[in-house]
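Engineer: Below are the structure tokens for one structure; questions will follow.
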Amino acid sequence: MVATVKEIKMPKKPVPVIGSLKGMLNMGKYMFTKPVTTQYPENKGEIPERFRFRIFLVPEACVGCTLCSKICPNHSIKMEHWDLDRTGLENNVVQTARGDRKNLQNKRNIYPDVNFGTCTVCRQCEEICPTDAIYLTHEFESARTRNSFTYSPEELTMQEEDVIK
Amino acid sequence: MSHWIELNVGPVHPSTHGIYRFRVKLNEETVEDVDITIGYLHRNAEKICELSYFVNNIIYFDRMDYIDAMNMELAYLRAVETLMDMEVPERAQWIRMIMAELSRIAARMVGIGAVGLDLGMLTPFFHTFHEREKIQKIFTEASGGRQEVNYMSIGGVYQDFNEKIINEIREFISQFKGKLEEMVKMLLDSEIFWQRNEGIGILEPEVALDYGVTGPMLRASGIGYDIRKDSPYLFYDKVDFEVPVAKTKDNLGRFLVKVEELRQSIRIIEQCLAKLPDGPYFNPKAKKSAMLLLKGQGDVFTRVESESGEFGVFIRGDGGVKPYRVHARSPSFKNLAVVPEMTRGVLIADLIATIASVDAVAGEVDR
Amino acid sequence: MSLLVRIHQWLSFLGNFTSLGLAYILQTIFILIFVGISFVALIYIFRKYMARIQRRVGPNRVGKFGLLQLIADLFKLLGKESIMPERRDDMAYKLAPIIVIIATMLAFMLLPFGNLAYFGSLAVTHSKVTLILMFGILSILPIGEILGGISTKSNYALLGTMRAVAKDISFEIPMMISVLAIVIVSSRSYVTGGAITGGLSLSGIVANEIIPYGIIEPLGLLIFFISMVARASYSPFDLGESDSELISGYTTEYSGMRFGLFYVGLFGMVYLSSFLISILYLGGSNGPFDHYVGFIYLFIKTDILVLISFLIWVTLPRIRIDKFVNLGWKYLLPLSMINLVYAGLFVLYIR
Amino acid sequence: MYKILSEETDKSGMKVLNIDKSDLVELMEEYKGKGYYLSSITGVDMKDHLDVIYHIHNFDKNDYICVKISTSDEKVPSLTKLWKAADWDEREQYDLMGIIFEGHENLKRILLPEEWAGHPLRKDYDLKKVQYVSMDRSGNEHVSFDETEGW
């Protein structure tokens, strides 16, 4: 045990009734201050810069390395086969002879598929991704009635409003 | 003649923080015996830790003492870094210290507020939670998470401090000093609060040691044992603070020790902010895809001072990328075990006051 | 001229007996509506007030400023399934909340509300012994608590009932003795020094109370206030329901509107005790121009007392049962005796 | 007289004493006399045997000592006679690891429900197994670990 132990000073015992009255006034004065709670749907409050929630995917950048699914602590990320057939994805994407569009870097055509029901937003997938293909954004209002919380790779590229199931 | 009735305090009861069940044997209003049932929040985190990589387990430790997440992470990372002989940059260590102390303040805010709440005093709880909210805002600024932060990583922290965070911490500290005194006054001004706490729930130091009780409970029994002083980790030996001790051994002593520790925490944070050096905030050996390849072999047992006492983590590594065995020595588990000893022969109201002052967190008791 | 007489006159074409009966019924309904609206307003004010002290906003979703929140709550409680314990004593279980609410409502009928402009006196009862009636009705209330607690056969409820009864008994006597002191003091006019009658009716006491009795016997005011606070059983003294220990005490097993009745009964007691304190000790409806605005005086005094009660409610920790009962027997009872002797000496002196 | 099989220092700088399990109570009694208190009990399943690791702590000297024993028949002498802290710790290790502490008066499960089968921290514990929780003894109410269910 160490020497720098400090015995606490006992505070003065309050005088009966008067002490209580003092305490009441001490709390009662907050009657005249402004409330500090934020009224949520109308007033969203200030979202800190590093706050993250919803996972997004850049399919052109994804190389299908499966590191994100490995590091996900509760196995929310699974790799899923997905043929890139959307238009508008230019870099690294080429038109094959059959008319399919392919990501050349992603030979196996596997992309992450995230279960938001179990995601704890630990941001380790973002941390480990070698090409920054998977990233998290401020978007957090993803609550709605649906049967499945699992987002397919295609849904991960869309904004939250478009992913209505 | 034995006229007694059995009363359930918990698992679903207004005064149990978290879920555990006290089966109280009552003779009229007097508590004759208490039998504690725990395990309602058991997730077997130790098994889950064995199944996943070293780096993944941080979030499971977050969820042990969920109101004091930073210290839990720190406890685990201390063990892991000792196991792997991982160097932690100086700046990262100072940042960890600031965060650990802020987290301690945040956890104490719950504890102190809940003492009032369990005694039927509604208002201070909201004030303490407002202060806690400010700390959680700082946590969000720094890490992106409010409560289960996942801020510290193996070999450092995930994200560096910036000017905004440091300013916010400074601002918080400067207003918190006055606010703390005011909140404590709210509780201590009332003589009923004294009546309910003074001389209630006596814990003799011998009993406390016998049960392995640590933290504020032990310090309120007169034994000034604090790991931050006795076997310093991080840079706790480079900052100046005191270990408060109360000789009263009762609920009031525990409350006052917790309050005094808050003042000391503020002092520590102020010194940390003054000493915060520049430099790297992570160890490149544990970044990017190297995170999955971290290996460790051997046994380690390290301890930190969490809000409820000595939180020890035992890790045995077999040289693989996953720990072979993880065991957490949880302080709340030990602190809760002594409750029957403290509450034999008191009134039921005193039992509630004692449970409030013990402030065991169910997530940590059950793990 | 009182409101009752006015209604009686309006309805005089129905014949004397019928019109008087109808007048009583109408007057009762009028007071019931007033009391009902007061309860709703009281609960709304309490919630807003508590929220503001705790730096919250309080109800603000239903209606403007959340004014319709209580109506929504009422519908919620009515629409709720009433979950009843299996081993209950059915009759007693169902009767208990009704006893509580009826006794509370009945007590309001006895209050001398004072005069209001054109309407005159708003009081319903013109009995000469309203004081005795009032405390008779107040002693019905614990019966509801006891029935509710014991009939559910729950340990929480049983303990809660025991506490509530212990509390009620230990504060009944100091309260009665301090009221006795009031009766003594009001038996003699301190203006003329002559004996006056009507000391057993609340309206008589108010009529004699030119200087508030709280100034003449502050000790009595303190004792009566503490006793009534104990009777109303709100937070620091809610030993019957002490929510952090016994879940909700004798109301633990009640749900839906049955619980709602207990809840309204609680607020009713707060309101009633504030009324009684302002009538007995703070001069009631007395004041300048009290023939026109006496009711307003009474209302303001009561509301200030209610706000003080609410402040006590949200700021003080719950007192322990043994200390509380000790307070009743060891301190308040001797003090009320001293107060009684003091009242007697006072009356002797002004003679 | 007890015999210390080997003495080492582990990575965190703690003294480690390896002893035989029959010497445990004797050694612990001596350390208790020196003012040591029990801090934690950890069981480790090494597949062919079980390791039990005791951490004891002296508050005056601020000294931590680690005592390791191993057992091949799941049986270990109980320390409840020495320290009260051993009560819950041993129950926890019994519950999760299946170490039977001989001499413990109330050796029953502490975290898991009474009806639980198996000890989850064992390496051979089947994680896919459906377990019955104490809700219903007839076995109708159960929790399954099917991760696709419910989502």
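Engineer: In straight Cα distance, which lysines are under 24 Å from A:Lys107, not counting same-chain residues fewer than 8 positions off?
Structural biologist: A:Lys70, A:Lys78, B:Lys288
Engineer: Next question, about the same structure. Quickly rank C:308-320, C:136-148, B:35-47, B:347-359 as a protection proxy: mean count of other C-beta atoms within 10 Å, highest first.
Structural biologist: Details: C:308-320: 22.7, C:136-148: 20.7, B:35-47: 18.0, B:347-359: 25.7.
My ranking of the peptides, most packed first, is B:347-359, C:308-320, C:136-148, B:35-47.
Engineer: Relative to the longest principal axis of the C-alpha atoms of chain D, give the angle of the C-alpha long axis of helix D:85-97, reported between 0 and 90° and rounded to the nearest 10°.
Structural biologist: Value to nearest ten degrees: 50.
Engineer: Simple spin-label model, 7 Å along Cα-to-Cβ: A:His81 to A:Lys34 in nm?
Structural biologist: So the label points at A:His81 and A:Lys34 sit 5.9 nm apart.
Engineer: Once you keep just the Cα pairs under 8 angstrom separated by 6 or more residues, what percentage relative contact order results for chain B? Provide the component values of the computation, followed by the final result.
Structural biologist: On the way: 721 pairs, mean separation 100.5, N = 367.
It rounds to 27 percent for chain B.
Engineer: When only C-alpha pairs under 8 Å and at least 6 residues apart count, what is the relative contact order of the range C:261-342, in percent?
Structural biologist: Over the range C:261-342, the number comes to 23 percent.
Engineer: Does the range D:4-108 classify as rounded, prolate or oblate by the C-alpha gyration tensor (a ≥ b ≥ c root eigenvalues; a/c under 1.5 gives rounded; else a/b over b/c gives prolate, otherwise oblate)? Don't jump to the answer; show the numbers that get you there.
Structural biologist: Details: a/c = 1.70, a/b = 1.23, b/c = 1.38.
Here the range D:4-108 falls in the oblate category.
Engineer: Could I ask something else about it? Evaluate the distance, in nm, between pseudo-label points positioned 7 Å from the Cα of A:Ala143 and of D:Ser72 along their respective Cα→Cβ axes.
Structural biologist: 5.8 nm
Engineer: Specify which residue in the list D:Val76, C:Val183, B:Ile59 is farthest towards the positive end of the charge dipole of the protein assembly as shown, using unit charges on the beta carbon of Lys, Arg (+1) and Asp, Glu (-1), about the Cα centre.
Structural biologist: So the residue we want is C:Val183.
Engineer: Still on this structure: What is the spin-label model distance, in nm, from D:Lys34 to C:Ile196 if the labels are put 7 Å beyond Cα along the C-beta direction?
Structural biologist: It works out to 8.9 nm between the two label points.
Engineer: Could I ask something else about it? B:Leu276 label point, 7 Å along Cα→Cβ, cut-off 16 Å on backbone N: hits in the range A:19-62?
Structural biologist: Within reach of a label on B:Leu276, which here means backbone N under 16 Å from a point 7 Å along Cα→Cβ, the range A:19-62 contributes A:49-50.
Engineer: Mind checking the angle between helix B:90-118 and chain B's longest principal axis? C-alpha axes, 0 to 90 degrees, to the nearest 10.
Structural biologist: 20 degrees
Engineer: Turning to a different aspect of this structure: Can you give me the angle between helix D:24-33 and the longest principal axis of chain D, using Cα atoms only, in degrees from 0 to 90, rounded to the nearest 10?
Structural biologist: Roughly 60 degrees, rounded to the nearest 10.
Engineer: Can you order the peptides C:81-91, C:265-275 by their average number of other Cβ atoms within 10 Å per residue, highest first? Don't skip to the end; give the middle numbers.
Structural biologist: Numbers: C:81-91: 11.4, C:265-275: 23.8.
Highest-to-lowest ranking by the protection proxy: C:265-275, C:81-91.
Engineer: Mean 1/r over all different Cα pairs, inverted: what Kirkwood radius does chain B give, in Å? Spell out each step's value before the answer.
Structural biologist: Details: mean 1/r = 0.0476 Å⁻¹.
Final number for the Kirkwood radius of chain B is 21.0 Å.
Engineer: In what sequence, highest mean first, do C:151-162, B:314-325 appear when ranked by Cβ atoms within 10 angstrom? All intermediate terms of the calculation are to be shown ahead of the outcome.
Structural biologist: Numbers: C:151-162: 22.6, B:314-325: 19.3.
Per-residue Cβ counts within 10 Å, averaged per peptide and sorted highest first, yield C:151-162, B:314-325.
Engineer: Cα gyration tensor of the range C:286-336, axes a ≥ b ≥ c as square roots of the eigenvalues: rounded (a/c below 1.5), prolate (a/b > b/c) or oblate? Intermediate results must be reported in sequence, preceding the final value.
Structural biologist: On the way: a/c = 6.23, a/b = 2.01, b/c = 3.10.
Oblate is the answer for the range C:286-336, as a/c is 1.5 or above yet b/c matches or exceeds a/b.
Engineer: Which one, C:Gly144, C:Ile173, C:Ala72, is farthest towards the positive end of the dipole of chain C when Lys and Arg carry +1 and Asp and Glu -1 on their Cβ?
Structural biologist: Of the candidates, C:Ala72 comes out farthest on the positive side.
Engineer: Quick one: compute the contact order of chain D, relative version, from alpha carbon pairs under 8 angstrom and 6+ residues apart, as a percent.
Structural biologist: 16 percent
Engineer: Another one. In nm, what is the difference between 0.36 nm times the number of residues separating C:Arg6 and C:Tyr24 and their Cα-Cα distance? Intermediate results must be reported in sequence, preceding the final value.
Structural biologist: Values: separation 18, 0.36 × 18 = 6.48 nm, distance 1.10 nm.
The C:Arg6-C:Tyr24 span can extend by a further 5.4 nm.
Read-outs throughout are calculated quantities, based only on the coordinates presented, and are distinct from any laboratory measurement. The shown structure was predicted, so the numbers you read here are calculated from the model rather than taken from an experiment. Quick reminder, even Gly has a Cβ in these numbers, built from the backbone with ideal geometry, and neighbours come from all protein chains shown.
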